[in-house]
Amino acid sequence: DVKVTQSSRYLVKRTGEKVFLECVQDMDHENMFWYRQDPGLGLRLIYFSYDVKMKEKGDIPEGYSVSREKKERFSLILESASTNQTSMYLCASRSSGGADTQYFGPGTRLTVL
Amino acid sequence: GEDVEQSLFLSVREGDSSVINCTYTDSSSTYLYWYKQEPGAGLQLLTYIFSNMDMKQDQRLTVLLNKKDKHLSLRIADTQTGDSAIYFCAESPISTGGFKTIFGAGTRLFVKA
């Protein structure tokens with residue numbers, strides 16, 4: 001059974017803190033994605049990675065960075081958290097080819113105080 | 001640019017059919033998708049349709065695609081309370097290199113008993 005896991009379901013941080021969100025997939029997928037989900041806005045792509053050590057900016061990369069040192073793990077980093085980064089963060093992975101279906105983790109609800 | 005639009009809310013009675021509509025702008029997508037998000041969970045692929053198809057049926061689900069009008073719909077027959085969720089329409093335009101999936105804002109389906 002395909003599985004994408006995220007390190008935390010809920011996280012509360014203070015403004016200015018460095019925040020790490022971890023995502024692990026066990027499907028040997030090449031492509032991994034980080035989205036944020038906000039009411040009425042749907043999913044917005046922050047960053048994606050199509051291979052180890054490769055990364056590409058999505059639609060809203062400002063204030064975020066990513067790391068992909070191993071194929072199965074894709075990390076999202078908030079260098080200095082701000083209140084407008086309070087959101088639900090969703091990680092997904094996808095194999096190359098076929099129907100390009102994305103498999104999502106359960107999400108991390110981050111609150112920045 | 002790429003855009004996917006869908007209404008934000010739909011309310012139906014248990015046992016009725018639900019129809020969720022979506023319009024998209026990029027006609028280059030090979031596949032169009034419907035994802036379902038239950039409360040507190042990530043997105044899960046419900047079904048997808050290949051762009052050269054007009055219709056796809058999978059048990060209680062019927063997907064209709066009108067390429068001329070760039071309109072996609074999801075019909076759920078005999079809607080149950082367990083179908084209450086947010087439904088996302090999505091496409092993966094070839095114009096983005098196939099890496100990006102564009103999601104609508106999601107339609108929240110309420111099923112009244």
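Every number in this text was worked out from the coordinates using simple rules, so none of it is lab data. Computed from a prediction, not measured in an experiment: that's the story for all the values here. Cβ placement follows ideal geometry from the backbone for every residue including glycine, while neighbour counts extend to all protein chains displayed.
Can you tell me, using C-alpha contacts under 8 Å and at least 6 residues apart, the relative contact order of the range A:38-113 as a whole percent?
Contact order relative to length: 21 percent.
List, largest first, the extents of the alpha carbons of chain A along their principal axes, each in whole Å.
Answer, in whole Å and largest first: 41, 28, 24 Å.
Quick one: of the DSSP bridges fully inside chain A, what percent are antiparallel, nearest 5?
90 percent
Name the lysines eligible as straight-distance cross-link partners of B:Lys112: C-alpha to C-alpha under 30 Å, and not fewer than 8 places from it in the same chain.
The qualifying lysines are B:Lys36, B:Lys56.
Explain nothing, just compute: Karplus ³J(HN,Hα) = 6.51 cos²θ - 1.76 cosθ + 1.60, θ = phi - 60°, for every residue of the range A:38-48 in order, whole Hz, x for Gly and Pro.
10, x, x, 10, x, 9, 10, 7, 8, 8, 9
Measuring from label point to label point, each 7 Å out along Cα→Cβ, what is the A:Ser8 to B:Arg13 span in nm?
4.6 nm
Quick one: work out the % antiparallel among DSSP beta bridges in chain B, nearest 5.
Percentage antiparallel, nearest 5: 90.
Could you list which residues have their amide H under 5 Å from that of A:Ser8, counting only those 5 or more apart in sequence or on another chain, with H placed in the peptide plane?
Under 5 Å from the amide H of A:Ser8 lie the amide H atoms of A:Glu22, each far enough along the sequence or on another chain.
Give me a single rounded figure for B:100-108: the average over its residues of other chain Cβ atoms within 10 Å of their Cβ.
5
Could you tell me the distance between the Cα centroids of the range B:17-73 and the range A:1-78, to the nearest Å?
Taking the Cα centre of each part, the range B:17-73 and the range A:1-78 sit 25 Å apart.
Whole-Hz Karplus ³J(HN,Hα) for the range B:47-64, in order, using 6.51 cos²θ - 1.76 cosθ + 1.60 and θ = phi - 60°, x for Gly and Pro?
Those phi angles translate into 6, 9, 9, 6, 5, 8, 9, 9, 8, 9, 10, 9, 6, 7, 9, 10, 10, 10 Hz.
Rank these for me by crowding, B:Glu91, A:Glu69, B:Glu14, going from fewest to most other beta carbons within 10 Å.
Arranged by neighbour count, lowest to highest, B:Glu91, A:Glu69, B:Glu14 become A:Glu69, B:Glu14, B:Glu91.
Which far-off residues, 5 or more places away or on another chain, put their amide H under 5 Å from the one on B:Ala105, with H placed in the peptide plane?
B:Gln6
Assuming 0.36 nm per residue, please report the length gained on full extension of the stretch B:Asn52 to B:Lys67 beyond their Cα-Cα distance.
Between B:Asn52 and B:Lys67, full extension yields an extra 4.5 nm.
Could you name the aspartates and glutamates in cross-link range of A:Lys55, using Cα to Cα under 13 Å and dropping any fewer than eight places away on the same chain?
In chain and number order, the partners are A:Glu30, A:Glu69.
Could you derive backbone 3J(HN,Hα) for the range B:108-113 from the dihedral phi with the Karplus parameters 6.51, -1.76 and 1.60 (θ = phi - 60°), listing whole Hz in sequence and x where the residue is Gly or Pro?
8, 9, 9, 10, 8, 6
Can you sort B:Cys22, A:Cys91 from fewest to most other Cβ atoms within 10 Å of each residue's own Cβ?
Result, fewest neighbours first: B:Cys22, A:Cys91.
With the cut-off at 1.5 for a/c, could you classify the range B:36-105 from its C-alpha gyration tensor as rounded, prolate or oblate?
Judged from the Cα gyration tensor, the range B:36-105 comes out oblate (a/c at least 1.5, b/c at or above a/b).
What span do the alpha-carbon atoms of the protein assembly as shown cover on each of the three principal axes, reported in whole Å from largest to smallest?
48, 38, 35
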